[in-house]
Amino acid sequence: MKFFKPFIIFLIINFSALGIGSLFMANGPKGDWYMQLEKAPWTPEGWVFGAAWTIIMICFSIYMAFLYLKRFTKKVITLFIIQFILNISWNLLFFNLKLVDLALVNIILLTLIVIAFLITYAKDLKGKSLLILPYAIWLCIATSLNLYISLYN
């Protein structure tokens, strides 16, 4: 029962980030600009992004709830806020402003923050740290997609 309240709060915050980010996407992946880009051969189908982010945010919310109960410090709050801002701002930079190189820097920083969570709190959360792995893995894939677009467009 102690777990449920922070889990719901993080679920709301994390899915809010996805919602806000999608507002910043303009036409996003369905827009002419994106459709005309040279994309990586390993770019997944559009539906994969929605499915992946749903799973990622559920896992990340569980992870954050456990971390909240185990070690909720200023450092954790700061990392979480930075992660939140970087997650949202990537959509604005990439899709709306079409600043793919700046978006690449943004997503690299986001990836580093998520990896920092994984490494820093692995001793505290032990096996529960696996819950942040989908986020880290997906960000590595997304970073490679962004890099490809930066290099070939």
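The values are calculated or read from the model by the stated rules, or taken from the named source; none is laboratory data. A quick note: this is a predicted structure, and the numbers were derived from the prediction, not measured. With ideal geometry, Cβ positions are generated from the backbone for all residues, glycine too; neighbour counts draw on all protein chains shown.
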- Task: Of all residues in the stretch 127-153, count the ones that are in contact with a Lys or Arg (Cβ under 9 Å, 6 or more places away or on another chain), farther than 17 Å from Lys39 by Cβ and of a type in the set (A, V, I, L, M, F, W, C).
- Result: 0
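Restricting to the stretch 135-153, give me the number of residues that are part of a helix (DSSP H, G or I) and more than 15 Å from Asn87 (Cα to Cα).
8
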- Message: Testing Tyr68 on (1) touching a residue at least 40 places away in the same chain (Cβ under 8 Å); (2) closer than 16 Å to Leu145 by Cβ; (3) surrounded by 15 or more Cβ atoms within 10 Å (Cβ to Cβ), one condition comes back false. Which one is that?
- Response: (2)
- Query: With respect to the numbered conditions (1) hydrophobic (A, V, I, L, M, F, W, C); (2) assigned to a helix (DSSP H, G or I); (3) at pLDDT 95 or above, which one is the sole condition not fulfilled by Leu18?
  - Reply: (3)
- Item | Unique match (being under 17 Å from Leu139 (Cα atoms) and in contact with a helix residue (DSSP H, G or I) (Cβ under 6 Å, 6 or more places away or on another chain)) among Ile20, Ile56 | Ile56
- Task: Any residue in the stretch 87-100 that's under 18 Å from Asn153 (Cβ atoms): show its pairings with residues that are at pLDDT 95 or above and not in a helix (DSSP H, G or I) at Cβ separation under 9 Å, as long as the two are six or more apart or on different chains.
- Result: Leu93/Leu99; Val100/Leu37; Val100/Asn153
- Item | Residues that are surrounded by 16 or more Cβ atoms within 10 Å (Cβ to Cβ) and either over 30 Å from Leu125 (Cβ atoms) or over 17 Å from the mean Cα position of the chain (by Cα) (or both), drawn from the stretch 41-64 | Thr43
- Message: Need pairs with beta-carbon distance below 8 Å; first residue within 14 Å of Phe80 (Cα to Cα) and touching a residue at least 40 places away in the same chain (Cβ under 8 Å) and within the stretch 44-65, second of a type outside the set (Ser, Thr, Tyr) and outside any helix (DSSP H, G or I); sequence gap 6+ or separate chains.
- Response: Ala65/Phe3
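Do we have any residue at all in the stretch 93-104 that's among the charged types (D, E, K, R), within 20 Å of Ile8 (Cβ to Cβ) and either in contact with a helix residue (DSSP H, G or I) (Cβ under 6 Å, 6 or more places away or on another chain) or buried (at least 18 other Cβ atoms within 10 Å of the Cβ) (or both)? Reasoning before the result, please.
Of the residues in the stretch 93-104, the ones among the charged types (D, E, K, R) are 98, 101.
After this cut, where a residue has to be within 20 Å of Ile8 (Cβ to Cβ) as well, the list is none.
Checking the stretch 93-104: not a single residue is among the charged types (D, E, K, R), within 20 Å of Ile8 (Cβ to Cβ) and either in contact with a helix residue (DSSP H, G or I) (Cβ under 6 Å, 6 or more places away or on another chain) or buried (at least 18 other Cβ atoms within 10 Å of the Cβ) (or both).
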